[in-house]
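The values are calculated or read from the model by the stated rules, or taken from the named source; none is laboratory data. This is a predicted model, so every value here is computed, not measured. Heads up, the Cβs are rebuilt from the backbone with ideal geometry, glycines too, and the neighbour counts pull from every protein chain shown.
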Amino acid sequence: MSGRVLCAGCLRPQRNCICALAQRVDCAAELLILQHPLEVHEAKGTARLLHLCLPRSRMEVGEQFDAPQLQAWLEQAWQGDAPAPAPAPRTMLLYPESPHDPALPLLPAPPLPAEWLDAPERLRLVVIDGTWRKSRKMLYLNPLLQQLPRLALQDLPASRYAIRRAHRPGQLSTLEATSCALAQLQPGLDVRPLLVAMDALVQRQQQWRSPG
């Protein structure tokens, strides 16, 4: 990346800028994207595009976060949001049920209160952007994330993310998984613009790969 001018919006080289691909979606819930550092300059990644599409999103990069800073991202109003008297967010983690890993043991996740789903505007969804192994390590290194109720996705569609091979059955890109989660949290929300944006990203990557 050295020597190349980066776009201030998507942080990619300007000739590969993806800002124009973004499709705005005004969802009720907030989204906190925690991205592994090795994903930042991954051309096939979808997290930055997802962030560009969602005005109520925040994106932070790291593997092990400072605990007080992470707690603030999870619980406090973000800069530019409504002042403190607003109700505290109900924060949950988008993460699938995972088999036990002796190398990276996790605490049992608390149950997701059913009444939370009645007020999507109070929800703050946390998404970890990284490979399966990286995301589990991030969860292991940040106990505050382990203490969050987890959202389990239902009725997963087949992935349309043709430029990155899935390593597990039902594995989706970060953008696809998040769009499913937002639709689940806010019935009636039209998440198709997110998928349109991702399709445009996939098409561009395929064109760059094509000879000639």
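A few points about this structure:
- Subset tally (residues that are at pLDDT 95 or above and part of a loop (DSSP other than H, G, I, E, B)) for segment 56-76: 6
- Any hit, segment 85-100, residues being modelled with pLDDT of 95 or more, closer than 28 Å to Ala197 by Cβ, in a loop (DSSP other than H, G, I, E, B) and among the aromatic types (Phe, Trp, Tyr): no
- Within the span defined as segment 131-139, every residue fails to be surrounded by 14 or more Cβ atoms within 10 Å (Cβ to Cβ), in contact with a strand residue (DSSP E or B) (Cβ under 8 Å, 6 or more places away or on another chain), closer than 25 Å to Gln23 by Cα and among the polar types (S, T, N, Q).
- Taking residues in segment 181-194 that are crowded, with 18+ Cβ neighbours inside 10 Å, and partners anywhere that are among the hydroxyl-bearing types (Ser, Thr, Tyr) and assigned to a helix (DSSP H, G or I), the pairs with Cβ atoms closer than 8 Å and at least 6 places apart or on different chains are Val191/Ser179; Leu194/Thr178; Leu194/Ser179.
- Criterion violated by Leu34 - all others in (1) touching a strand residue (DSSP E or B) at 6+ places or on another chain (Cβ under 7 Å); (2) surrounded by fewer than 14 Cβ atoms within 10 Å (Cβ to Cβ) satisfied: (2)
- Within segment 137-191, considering residues that are among the small types (Gly, Ala, Ser) and more than 15 Å from the chain's Cα centre (by Cα), the one modelled with the highest pLDDT: Gly188
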